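Peer 1: The structure that follows is given in the form of structure tokens.
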Amino acid sequence: MVSDATTATAAAAMVTASLPFYLYGAWIMVGRDQDHVTWDRLMRHLRIIVPGLVLNTIPVALWMAPRLLDQFGGVAALHAFLGLQAYALLAFGLTGIVRIFQVKRDADLYDLEDPNTSLNDLHENMAAWRGRLRIGVFGYVLFWLFAYVVGLYRYYGLYIA
């Protein structure tokens, strides 16, 4: 059987590997020309962040979450709280992106040849949905970073020191 230290190291490596995907994906949506988000840009963002979400969620779901109640203490509770806040903001952001996808499908614009069509032109509430998406993306990355730092602290305390 694999030791806890080996599993923790693999989990830490996977979570660390997700960081560049999150930062670049967030920069695509928040850091660039915010008033003109095209469908191509949105799809590019999703292609960037999905591998990061997979790299992060696998260790969380398969190793961290099942062990949480066995070691629920101060730093572990803080780590779990920050991680849950990150996923809550991700869910909030998804409420925006789901509506964006619905409008695109309802308008039958998947076959549109013009990649520069602004999403704001598709629906009157598009700005609000994009706002949800931005808040979710920014909040997820922020709380993920907090949880990551606390997780590294826990890793160091449990397996290095």
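The values are calculated or read from the model by the stated rules, or taken from the named source; none is laboratory data. Nothing here was measured: the structure is a model prediction, and the numbers come from that model. Using ideal geometry, Cβ is built from the backbone for each residue, glycine included, and neighbour counts are taken over all protein chains shown. All accessible areas refer to the heavy atoms of the entire protein, side chains included, with ligands and DNA or RNA removed. Shrake-Rupley method; radii C 1.70, N 1.55, O 1.52, S 1.80 Å.
Peer 1: For Cα extents along the principal axes in Å, the listed values are [x] 48, 38, 27; [y] 55, 25, 25; [z] 150, 19, 19; which was obtained by calculation from the structure presented?
Peer 2: Label of the calculated value: [y].
Peer 1: Roughly how many nanometres apart are two label points built 7 Å out from the Cα toward the Cβ at Val98 and Leu78?
Peer 2: 3.4
Peer 1: Could I have the simple spin-label model distance between Val50 and Asn120, label points 7 Å from Cα toward Cβ, reported in nm to one decimal?
Peer 2: Going by the 7 Å Cα→Cβ label model, 2.8 nm.
Peer 1: Per residue of the range 56-61, in order, report the coupling 6.51 cos²θ - 1.76 cosθ + 1.60 (Karplus, θ = phi - 60°) as ³J(HN,Hα) in whole Hz, putting x for Gly and Pro.
Peer 2: Result, ordered by residue: 7, 6, 4, x, 5, 6 Hz.
Peer 1: Same structure again: With a 1.4 Å probe and all protein chains kept in place, how do Trp27, Trp129 rank by accessible area, largest first?
Peer 2: Sorted by accessible area, descending: Trp27, Trp129.
Peer 1: Full-extension gain between Thr7 and Tyr153, please, as 0.36 nm times their residue separation minus the C-alpha to C-alpha distance.
Peer 2: 50.9 nm
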